[in-house]
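First the structure, which I've put down as structure tokens, then a few questions once you've had a look.
No lab work stands behind these numbers, since they all come straight from the coordinates. Predicted, not measured: the structure shown is a model, and the values here were computed from it. All Cβ positions, glycine included, derive from the backbone under ideal geometry; neighbour counts span all protein chains shown.
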Amino acid sequence: MVTIISRVYLGYHTTLQVLAGTVVGLMAGYIWYQFIERVVYPSGAVAYILDTPICRWLLIRDSREIKDIVRTEYELTRTARNKRTE
């Protein structure tokens with residue numbers, strides 16, 4: 001939101017341009033999400049892609065099945081810290 005306001009305030013874009021960009025961005029995100037959900041996941045391509053060397057090197061993973069990613073990461077971090085301090 002701050003970025004949107006600053007673009008207009010600094011005169012880089014008009015309000016209409018910012019709104020148009022927001023709409024285009026939301027539409028692109030929705031289309032991408034639908035593509036991933038309807039094409040990529042059902043095809044099994046995710047497992048193949050995640051097993052490529054570049055994904056393993058970049059530590060890319062599919063966290064989709066984790067119900068509460070924030071709590072899971074928090075608990076894993078606490079457990080690792082507690083093991084270091086023992």
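Report, largest value first, the span of the C-alpha coordinates of the chain along each principal axis, in whole Å.
56, 40, 25
Moving on. Between 74, 30, 41, find the one with the highest GNM mean-square fluctuation for the chain; connect C-alpha pairs within less than 10 Å.
Of the options given, 74 has the highest mean-square fluctuation.
Report the residue, chosen from 64, 56, 38, that carries the largest GNM mean-square fluctuation when the chain is represented by alpha-carbon nodes joined by springs under 10 Å.
The residue that fluctuates most here is 64.
Okay, moving on. How far apart, in nm, are the 7 Å Cα→Cβ label points at residue 58 and residue 39?
1.9
Kindly provide the pair-distance distribution of the stretch 33-76 built from C-alpha pairs, with 10 Å bins from 0 and whole-percent values in order of increasing distance.
With 10 Å bins starting at 0, P(r) equals 24, 42, 32, 2.
State, to one decimal in nm, how far the label point of residue 32 lies from the label point of residue 76, with both points 7 Å from Cα in the Cβ direction.
Each label point is offset 7 Å from its Cα along the Cβ direction, giving 2.3 nm.
Oh, and also: Using the Kyte-Doolittle scale, find the helices of the chain whose mean hydropathy is at least 0.0 and whose Cα atoms extend 15 Å or more along the helix's long axis, counting only whole DSSP H runs. List each step's numbers first, then the result.
On the way: long enough: 15-35 (30 Å, 1.13); 69-85 (24 Å, -1.31).
Answer set is 15-35.
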